[in-house]
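Heads up: the structure comes next, in structure tokens.
Read the figures in this text as sums done on the coordinates, not as results from a lab. Note that the structure is a prediction, hence the values are computed from the model and not measured. Note that each Cβ is placed from the backbone with ideal geometry, even for glycine, and that neighbours are counted across all protein chains shown.
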Amino acid sequence: MNTSFSFSEPCIRFAQLADVELLEKLVNSAYRGDSSRKGWTTEADLLDGIRTNQEQLKQQISGSHSTMLIYEDTNKQPIACVYLENKENTLYLGMLTVQPDFQAEGIGKKLLQAAEEYAVWLGKQAIQMTVISVRAELIAWYQRRGYQVTDKKEKFPTDTAFGIPKQALEFVVLIKPL
């Protein structure tokens, strides 16, 4: 995707392939395993396995229709990220991640706002995402930021590369008109 856009937050930038190893650690530490339990976005009770791997991240960063944004701390270390995929009239947003030690500090909001500004710059009419339906607190967080739960549901992937469900899971689709 076009990366000539500049962000209003100087600590946000587009991910590069050199970031893959750090991003893999960041995402997996925020979603799975004991380290994720420090934050409120953990999926450790819902899924075993990893959330992502380096190959998936390489594809997401270098794809012609996708990119990732990174939020860096004062030492230029990634502490948050989000995946964006260009669809017809919408920008798909996924894997919004904030390192557990930095959650509840407004970083997720800033990264979400940057994604929305980028979507507007791309000329998109809306941002769409999927959230595991039993994640009521996460869905409520997005709703407070203008995202609406739709009637659409999607099956959770059976590919274990995204994790191994501990229970039956499905996604709800959220959308925010821009």
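Here are the numbers:
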{"read-out": "Relative contact order for region 12-130, counting Cα pairs under 8 Å that sit 6 or more residues apart, in percent", "value": "25 percent"}
{"read-out": "Residues LYS109 and ALA136, FRET efficiency given R0 of 22 Å [Cβ-Cβ distance, rounded to 0.05]", "value": "0.70"}
{"read-out": "Electrostatic dipole magnitude of region 23-178 [Cβ: Lys, Arg +1; Asp, Glu -1; Cα centre; debye, to 20]", "value": "220 debye"}
{"read-out": "Region 1-143: C-alpha gyration tensor shape, a/c 1.5 cut-off, then a/b vs b/c", "value": "rounded"}
{"read-out": "Ranked list, fewest to most other Cβ atoms within 10 Å of each Cβ, for PHE5, PHE156", "value": "PHE5, PHE156"}
{"read-out": "Residues in region 67-110 that a label on ALA44 would reach, taking backbone N under 13 Å of a point 7 Å out along Cα→Cβ", "value": "100-101"}
{"read-out": "Sequence ranges 76-82, 92-98, ranked by mean other-Cβ count within 10 angstrom, highest first", "value": "92-98, 76-82"}
{"read-out": "Estimated vicinal HN-Hα couplings, Hz - region 39-48 in sequence order (Karplus 6.51, -1.76, 1.60; Gly, Pro = x)", "value": "x, 9, 9, 4, 10, 4, 7, 9, 9, 9"}
{"read-out": "Distant-in-sequence amide H partners of ALA44 (H built 1.01 Å from N, under 5 Å)", "value": "GLY33"}
{"read-out": "Charge dipole (region 12-130, unit charges on Cβ, about Cα centre) - positive-most of LEU122, THR97, LEU69", "value": "LEU122"}
